[in-house]
Structures are given as structure tokens and as C-alpha cells.
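This report refers to the structure that appears directly beneath it.
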Amino acid sequence: MRVYGVTGWKNAGKTGLMERLVAEITSRGFTVSTVKHAHHSVDVDQPGTDSYRHRVAGASEVLLASGQRIALMQELRGAPEPPLAELLARLSPVDLVLVEGFKREDHPKIEAYRVEAGHALMAPENGTIRAVASDTPLDLDRPVYDLDDTAGIADFILKEVGL
């Protein structure tokens with residue numbers, strides 16, 4: 001599968017860009033899946049639900065299935081976080097997987113950058129960042145897109161991955 005990342009510091013616009021890119025690229029007829037990295041304990045299940053109760057009781061995996069979706073929750077229970085390659089191997093085949101976060105992995109990425117977030121650009125120190133989507137003009141050695149230029153960013157990513 002083709003993989004492309006969106007990275008950046010907190011409040012840089014990563015999630016909004018991801019959301020717009022998924023909508024833009026799928027509207028062009030491509031299939032897209034996403035992988036999102038979280039740096040904190042994340043719980044997609046709600047206390048009191050049957051699946052939550054199964055997990056809290058000690059289940060290693062809980063698969064929740066309905067007519068609309070399937071969710072598989074896995075508890076690491078002290079095991080190390082799986083690397084991105086292992087997570088990608090669990091996905092069904094699609095045209096493109098967009099990855100949010102995972103800034104230290106070696107897949108190609110676009111950096112979301114907002115001045116007001118107050119962080120330095122990662123691109124100058126990270127060769128896997130192939131372009132920057134910014135809310136301000138930048139002078140860099142790689143393409144810079146307006147953070148809201150979803151179609152242009154999608155064109156760039158699709159060309160990069162050969163779609």
C-alpha cells in the first residue's frame with residue numbers, strides 16, 4: 001500500500017488537514033484509510049458498555065461488530081507499542097493510507113505548520129518531510145503550500161505516491 005504522512009506539532013492543523021485530504025482524495029475515486037498516532041492513553045470505548053466490560057475484565061482483544069462497522073480493540077498490557085509497519089500490515093488494502101503523527105518513522109510526510117502554535121518547523125531537520133502546509137509564507141528547500149490548499153496538497157501527495 002502507498003503510505004503518506006501528515007505530521008506537525010500540537011495545534012498545527014494536522015487533524016483538519018487529514019480530514020480535508022481524506023474527503024478530497026476519496027472524492028477523486030481513490031480508497032483511503034488512516035492511521036492516527038496518539039501520545040497519550042486513548043480509550044475509544046465507553047465505561048459501562050459490554051465491550052468495555054470485557055476489556056476491563058482482562059480480554060486481550062475485543063472485536064465489536066455491527067451492521068455498520070467493526071472495531072477491534074487490543075490491549076498492550078505492558079507490551080511495547082507496535083511499529084508503524086506492523087500496524088499498516090493489519091489494514092485491508094486501499095489505494096492510500098494517510099498517517100497522522102509518527103514523525104520519527106521513515107515514510108514520506110507533509111508537515112502542517114501554524115505560526116500561532118509556537119513551535120519551530122521540523123522540516124529543516126527531517127528529510128522525510130517532503131513539503132510543508134503552512135499558514136504563512138516560508139522560504140524552504142521543498143514545496144510550501146497554503147495550509148488551506150487542500151486540492152494542491154492532495155495533487156502533490158498523489159503525484160508523490162504515483163496515483
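The values are calculated or read from the model by the stated rules, or taken from the named source; none is laboratory data. On a predicted model such as this, the values are computed, not experimentally measured, just so you know. Quick reminder, even Gly has a Cβ in these numbers, built from the backbone with ideal geometry, and neighbours come from all protein chains shown. These accessible areas exclude ligands, DNA and RNA; they are computed on the full protein's heavy atoms, side chains included. Shrake-Rupley method; radii C 1.70, N 1.55, O 1.52, S 1.80 Å.
Hey, rough spin-label estimate for VAL94 and VAL42, points 7 angstrom out along Cα→Cβ, what's it come to in nanometres?
1.3
Considering lysine pairs in the chain that are 8 or more places apart or on different chains, how many have Cα atoms under 18 Å apart?
Lysine pairs meeting both conditions in the chain amount to 9.
Considering only DSSP beta bridges with both partners in the chain, what is the antiparallel share in %, to the nearest 5?
DSSP beta bridges in the chain are roughly 20 percent antiparallel.
In Å², and per residue, what accessible area does segment 45-163 have when probed at 1.4 Å with the other protein chains present? Write down the numbers at each step before the final one.
On the way: 7130 Å² over 119 residues.
Dividing the accessible area of segment 45-163 by its residue count gives 60 Å².
Which one is right for this structure if mean projected area of the Cα convex hull in nm² is calculated from it: (i) 11.1; (ii) 12.6; (iii) 8.6?
Identified label for the calculated read-out: (i).
Please identify every one of the trypsin sites (Lys or Arg not before Pro) in segment 72-163 that sits in a loop by DSSP and has no more than 11 other beta carbons within 10 Å of its own beta carbon.
ARG77, ARG90, ARG104
Express in whole angstrom the spacing between the alpha-carbon centres of segment 94-113 and segment 25-45.
11
How far is helix 150-161 tilted off the main Cα axis of the chain, in degrees rounded to 10, range 0 to 90?
80
Hey, any idea what % of the chain's accessible area is carbon plus sulfur with a 1.4 Å probe?
Of the solvent-accessible surface of the chain, carbon and sulfur hold 50 percent.
Nearest 500 deg cm²/dmol is fine: what mean residue ellipticity at 222 nm does the chain get from its DSSP H runs of n ≥ 4 alone, each adding -39,500 (n - 2.57), divided by its residue count?
Dividing the helical sum by the residues of the chain leaves -7000 deg cm²/dmol.
Where does helix 14-27 land angle-wise versus the long Cα axis of the chain, in degrees 0 to 90, nearest 10?
That works out to roughly 90 degrees.
Around VAL144, what is the net charge, scoring Lys/Arg as +1 and Asp/Glu as -1 over all other residues with Cβ under 12 Å from its Cβ?
Here the count lands on -4.
Which of LEU63, LEU17, LEU138 ends up with the largest GNM mean-square fluctuation for the chain, with Cα atoms connected below 10 Å?
Result for the chain, Cα springs under 10 Å: LEU63 fluctuates most.
Taking a label point 7 Å from the Cα of ARG69 along the Cα→Cβ vector, which residues of segment 80-104 have an amide N closer than 13 Å to it?
none
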